[in-house]
Amino acid sequence: MAKRLAAVLVVFLLCHCGVSLAENLISNGFKVSETDFGAVRFHKSDAQSSRTVVFPSRHDGTEMLFSHLQNFLSGFSSRTGLLQAEPPADGSCDNSIYKGTEFRFVPDFKGSPKPGEHLEWLAPCFTHTSAAFSISGTTARLELTLSGKKSLTCQELYLFASPQQFHPEIFLLPGKHVIEWKDLTAEEVTDLSHNGIRIFRFCDQTWGTIVDVVKTAKMFLGGLGLGKFPIFGSRVPKYMEHANKNFLHEAIGWDLVERPSPVVKLQESDVHPGDFVAILRLDGIDPIIMWGSGSHIGHTAVVMRVDNILSVCESQDGWYWPTHGIQCTPWAKWVEQAAAADFHVAILPLKPELRARFDNDKAEAQYKSVAGLPYGYHNFLFGWIDTPRDNYPAHLVAETALAVFALIDRLAPKVTETFINQALNFRLGTKGLNMAEIYAEMDRQKISPADLIAKVEDDSWVYSDGPSMVCSVFVTSIYKAAGILGDIEINATEFTPRDVYTLNIFDTNSNRPAQCESADPQQPWCQILGKYRLTLPGYSTLAPYSHMNERCPSKAPLYIRSDGC
């Protein structure tokens, strides 16, 4: 199938680029070895060097991805030894505190040399690597020189990218390696001239990278529905629980401790409007939020009366939850659903004077003004990215994130439109630009990807489906409407779960029911659900102030927050 597909692409290339060029490459010993994201790849190598010529495809769609993955993965065994027993010991990424295997498939950004520039770096397999980039007409040329190979079997896996091009390559041999991109458009030449070719190195070798993906997938693949069936029910399977528990240990240094009683029953009279509901689910999503923001929870909700019924209100889109979007659920029913979803839940009471101040009528009016709106995916990534470099976990950087979204934009443009394009358009003062056009506009405005993403998310921005609110943004908007935060000027859209529970609005000396004292003697709140004990570092310590949480670093593992950020 792969060979037939390559043959078809060669025919397309002959028609599209001219017979003489393709025939010339073939006559000079180049072979059509695979397709890279829809591109035709000619490759020639010997013991001292290699050369690759890539003719970009102008076709989009998921078929492009599937064809690439089929060819790329089928080449693993023949080119790299897929069945080696263990990932090599020298596969760690440099400058990364995080040493776990989950998410280690995310490549490390090495740099983006522009035409005429020279870039050098160290790598685990080849101790010295250098790159020189040039452009001539509509052809871009990257020349890599690799030396100092540490072992016979080691290798390096790279991704070379621009907003329009994505080319992975495995290097087994030292020497000079040349990659050329032919027939580039004017827009591609402009981008590469001004921003260079983005170079990413994968942390592990090929088999290790596959293992990293599988281990990461274990954090997510389970609890995928509403029934009681394994994996597709609402419960978190044991393997998924253990994978997330291990990840939290490796990523943020939190060792979960089991509680003697996973369920503590509260009467409705013990719960009050304004109480904060702190939630953790070991489902991959919550731990990612925690890793990025330094939080010890991944979901939030707030208690209020809606139509005089004590309810838990939230912005929710879990596949394990029966309703989606901004919603309120009667207390007893919500607790039942939370238990079925394997939530860890703590109820954080407001200080007595703030509980008295909580204006339920205004809170209810705020809820009803946004009820039913979808979960706030548009700014999901932007509440915790406040700085150009000091919010990203491990070796992830803005350049990596945008390169990934540029690829997704070609395959599934609706996904990037939802998750990032609209938000970036607001930051640029534009409308409707796709990722490639956003790159061009960034270049025109002379703003870097890191600086663009770090721009403050404004509460006044209304997205295509309304105001965009993730869980913590919705809760903060309720506190803002109910008078809990006074007259300060804040953007609720900049608040993460950690930002909410560290506000000094919660009672740290509440009189807890006896069952709460018995289950968790040292905690100042009542945890009603969960196998593991919730801890909330920094709980109720920060006085609210105007424009808080707009410029705050959150770098693992200490997550030190600068004063006044």
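What the table shows:
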{"quantity": "Cα-based Kirkwood hydrodynamic radius, the stretch 459-520, one decimal, Å", "calculated": "13.7"}
{"quantity": "Computed FRET value (nearest 0.05) for residue 431 with residue 152, which takes r as the C-beta separation and R₀ as 60 Å", "calculated": "0.65"}
{"quantity": "Förster radius 45 Å - calculated FRET efficiency between residue 357 and residue 261 (Cβ-Cβ, nearest 0.05)", "calculated": "0.85"}
{"quantity": "Cα-based reach from residue 414 at 19 Å (exclusive), listing aspartates and glutamates while leaving out same-chain residues under 8 positions away", "calculated": "60, 63, 317, 437, 465"}
{"quantity": "With every protein chain in place, the stretch 411-565: carbon and sulfur % of accessible area (1.4 Å)", "calculated": "54"}
{"quantity": "Per residue accessible area of the stretch 372-463, 1.4 Å probe, in Å²", "calculated": "39"}
{"quantity": "For the stretch 418-503, radius of gyration divided by Kirkwood radius, i.e. Rg to Rh on alpha-carbons", "calculated": "1.04"}
{"quantity": "Area accessible to solvent at residue 508, 1.4 Å probe radius, in Å²", "calculated": "60"}
{"quantity": "Heavy atoms of residue 254: accessible area, 1.4 Å probe, square angstrom to 10", "calculated": "20"}
{"quantity": "Distance between modelled label sites at residue 130 and residue 28, nm, 7 Å Cα→Cβ extension", "calculated": "2.4"}
{"quantity": "Those residues of the stretch 324-342 whose amide nitrogen sits under 17 Å from the label point placed on residue 268, 7 Å along Cα→Cβ", "calculated": "328-337"}
{"quantity": "Efficiency of FRET from Cβ geometry, residue 514 and residue 415, R₀ 41 Å, rounded to 0.05", "calculated": "0.25"}
{"quantity": "Surface accessible to a 1.4 Å probe, residue 462 within the full protein complex, Å²", "calculated": "90"}
{"quantity": "Given charges at Cβ of Lys, Arg, Asp, Glu: the stretch 390-511 dipole, positive-most of 421, 411, 396", "calculated": "411"}
{"quantity": "Surface accessible to a 1.4 Å probe, per residue, for the residues of the stretch 273-350, Å²", "calculated": "23"}
{"quantity": "Set of lysines with alpha-carbon distance to residue 555 below 16 Å, sequence-local pairs under 8 removed", "calculated": "99"}
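The values are calculated or read from the model by the stated rules, or taken from the named source; none is laboratory data. Nothing here was measured: the structure is a model prediction, and the numbers come from that model. Positions of Cβ are generated from backbone atoms using ideal geometry, with glycine treated the same way; all protein chains shown enter the neighbour counts. SASA here: full protein model, heavy atoms, side chains in, ligands and nucleic acids out. Shrake-Rupley method; radii C 1.70, N 1.55, O 1.52, S 1.80 Å.
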